[in-house]
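Chemist: Next up is a structure, given as structure tokens.
The numbers here are math on the coordinates, done by the rules we state, and not lab data. Predicted, not measured: the structure shown is a model, and the values here were computed from it. Ideal geometry is used to build each Cβ from the backbone, glycine not excepted, and the neighbour counts take in all protein chains shown.
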Amino acid sequence: MKIGFFTDSYFPEIDGVTYTIKLWREELERNGHEVYVVYPEGDYEPGDREIPVTSVSNPFYPGYRIPLFRRLSTLPELDVVHCHGPAPVGILGRYYARKHELPAMYTHHTPLEEYFHQNIKFASVAAALSKLYVPLENAFLRSFDVVTASTKRIDRDVEHVPLPVGIDMEFFRPTEEDWYPDRLVIGYSGRLSMEKNVSEILRVAEELPEYNFVVVGEGPYRDDLEREAPDNVEIRDFLPREELSIFYSSIDAFVTASTADTLGLSTLEANACGTPVAAADVPPFEQTIGPANGERFEYGDRAAMVDAIESCLRTERDTRGAVERYDVQRTIDDLEYLYRSVQSSTDEVPTTADDRWGFSEDSQGSLD
């Protein structure tokens with residue numbers, strides 16, 4: 001099968017969408033498919049079946065680019081179109097599918113309206129744009145044969161199939177190498193941007209001076225965080241992918257105060273490496289983090305955040321066993337099933353949650 005991934009997030013920028021596309025592509029091609037990735041050009045040398053779209057720099061969100069256009073005639077012949085966002089490249093993919101009368105899927109990765117507040121100076125303007133944007137994306141999503149998202153709930157008025165993006169359980173596993181053998185370390189890995197609320201981690205570090213905190217990541221808030229960081233916080237650049245398992249295995253607990261994750265890949269990766277997670281009691285963590293693999297705390301409650309971290313440090317948990325259901329092999333099996341379904345007849349394609357996807361009330365829950 002020839003599958004086209006159309007995405008506005010791709011290398012050299014590092015984020016959850018980029019890594020998901022890379023992982024899905026590798027697994028699908030291992031199963032014999034051809035996967036083409038159409039993405040905004042940047043400071044990145046395309047490889048086989050990677051197709052850049054002419055782009056310009058983005059003044060509103062540093063590191064990301066604004067794609068312009070690419071003629072459909074320059075794109076390969078595809079069997080299925082799979083769009084990974086509602087921005088220009090995703091729109092190009094939907095246009096390609098319509099012109100060639102191909103089945104089209106969409107995966108909802110990110111609630112983009114939450115980023116308006118980060119990049120627009122006036123809160124009232126950001127709120128107004130958010131109210132305008134969501135109905136537009138709803139209309140866009142309804143034009144696809146299937147919409148998928150990582151959990152049962154997405155903040156969109158559209159039926160969807162819950163399909164976790166998945167984690168590579170073979171890659172993310174406990175390692176023998178330990179970077180911090182002689183001290184207790186609380187860790188975080190992710191983008192350093194407003195919606196990730198990394199400043200909350202700095203504040204809780206002040207409450208726990210006896211522990212070391214290591215924050216790994218890059219983003220528009222890095223300079224501010226470095227200025228604010230107390231002495232027991234180290235801020236590091238993004239790690240090479242091959243070192244992430246060592247980092248997750250070396251820390252004693254992972255903490256996040258993010259309020260804008262769709263699945264929280266880094267939290268599940270840490271769990272797969274044997275490390276418990278302290279996370280805010282907000283979506284998606286109310287579904288993915290519980291006593292089996294960590295603790296949740298009320299966002300903004302510093303004392304509760306401290307208690308959650310302390311609980312993670314003193315309690316033994318089978319965190320790896322708790323996240324086996326998110327193994328990417330299961331995701332790929334389901335993804336191939338969806339591709340075959342949309343190719344054969346859209347009337348047979350599932351459009352809502354059912355037990356096949358492992359999101360029944362009994363199996364999904366909140367790991368409580």
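Chemist: How tilted is helix 328-344 with respect to the longest principal axis of the chain? Cα atoms for both, answer in degrees (0 to 90, nearest 10).
Modeler: Helix 328-344 sits at roughly 20 degrees to that axis.
Chemist: Follow-up. How big is the gap, in Å, between the Cα center of the range 231-262 and the Cα center of the range 155-228?
Modeler: 4 Å
Chemist: To the nearest 10 degrees, how steeply does helix 88-99 sit against the main Cα axis of the chain, on a 0 to 90 scale?
Modeler: Helix 88-99 sits at roughly 30 degrees to that axis.
Chemist: Could you give the length gained on full extension between Arg30 and Leu184, defined as 0.36 nm per residue of separation minus the Cα-Cα distance, in nm?
Modeler: 51.5 nm
Chemist: Please state the charge dipole magnitude for the range 259-327, taken about the Cα centre, from unit charges on C-beta atoms (+1 on K and R, -1 on D and E), reported in debye and rounded to the nearest 20.
Modeler: Computed charge dipole of the range 259-327: roughly 100 debye.
Chemist: How big is the range 276-332 along each principal axis, measuring the range of its Cα positions in Å and listing the largest first?
Modeler: Here the Cα extents, ordered largest to smallest, are 40, 25, 11 Å.
Chemist: Would you work out which of Gly42, Pro240, Pro67 lies farthest towards the positive end of the dipole of the chain, given +1 charges on the beta-carbon of Lys and Arg and -1 on that of Asp and Glu, about the Cα centre?
Modeler: Going by the charge dipole, the pick is Pro67.
Chemist: Now for a separate question. Just how large is the dipole of the chain about the Cα centre, in debye to the nearest 20, putting +1 at every Lys and Arg Cβ and -1 at every Asp and Glu Cβ?
Modeler: That gives the chain a dipole magnitude of about 1400 debye.
Chemist: What share of the DSSP beta bridges in the chain is antiparallel, in percent to the nearest 5?
Modeler: Of those bridges, close to 5 percent are antiparallel.
Chemist: Taking 8 Å as the Cα distance limit and 6 or more residues as the minimum spacing, I'd like the relative contact order of the range 201-242 as a percentage.
Modeler: 49 percent
Chemist: What does the extension gain come out to for Thr175 and Glu298, with contour length at 0.36 nm per residue minus their alpha carbon separation?
Modeler: Computed gain between Thr175 and Glu298 is 41.1 nm.
Chemist: Sticking with this structure for a sec: Suppose the chain between Glu206 and Asn138 were pulled fully straight at 0.36 nm per residue; how much longer would it get relative to their current alpha carbon spacing?
Modeler: Using 0.36 nm per residue and subtracting the Cα-Cα distance, I get 20.3 nm.
Chemist: Pick from Val165, Val255, Val53: which residue has the top mean-square fluctuation in a GNM of the chain where Cα pairs under 10 Å get a spring?
Modeler: Result for the chain, Cα springs under 10 Å: Val53 fluctuates most.
Chemist: Another question, then. Check Glu295: other-chain or 5+ apart residues with amide H under 5 Å from its amide H, H built from backbone geometry?
Modeler: Val277, Ala278, Ala279
Chemist: What aspartates and glutamates could a cross-link reach from Lys99, if we take a straight Cα to Cα line under 17 Å and drop same-chain neighbours fewer than 8 places away?
Modeler: Glu77, Asp79, Asp145
Chemist: Sum -39500 (n - 2.57) across every DSSP H segment of at least 4 residues in the chain, then divide by the residue count to get the 222 nm mean residue ellipticity, nearest 500.
Modeler: So the helix-based figure for the chain works out to -10000 deg cm²/dmol.
Chemist: Given a Förster distance of 25 Å, report the FRET efficiency between Asp157 and Tyr95 from their Cβ-Cβ distance, rounded to the nearest 0.05.
Modeler: Rounded to the nearest 0.05, the efficiency is 0.65.
Chemist: Then there's this: Provide the net charge surrounding Tyr180, with neighbours chosen by a C-beta distance below 12 Å and charges set as Lys +1, Arg +1, Asp -1, Glu -1.
Modeler: Computed value for this residue: -4.
Chemist: How far is helix 241-250 tilted, in degrees, relative to the longest principal axis of the Cα atoms in the chain, given as a value from 0 to 90 rounded to the nearest 10?
Modeler: 30 degrees
Chemist: Oh, and also: Just add up the charged neighbours of Met1: K/R +1, D/E -1, any other residue whose Cβ is under 9 Å from the Cβ of Met1.
Modeler: -1
Chemist: Now a separate question. Once label points are set 7 Å from the Cα along Cα→Cβ at both Lys22 and Glu316, what is their separation, rounded to one decimal in nm?
Modeler: 3.5 nm
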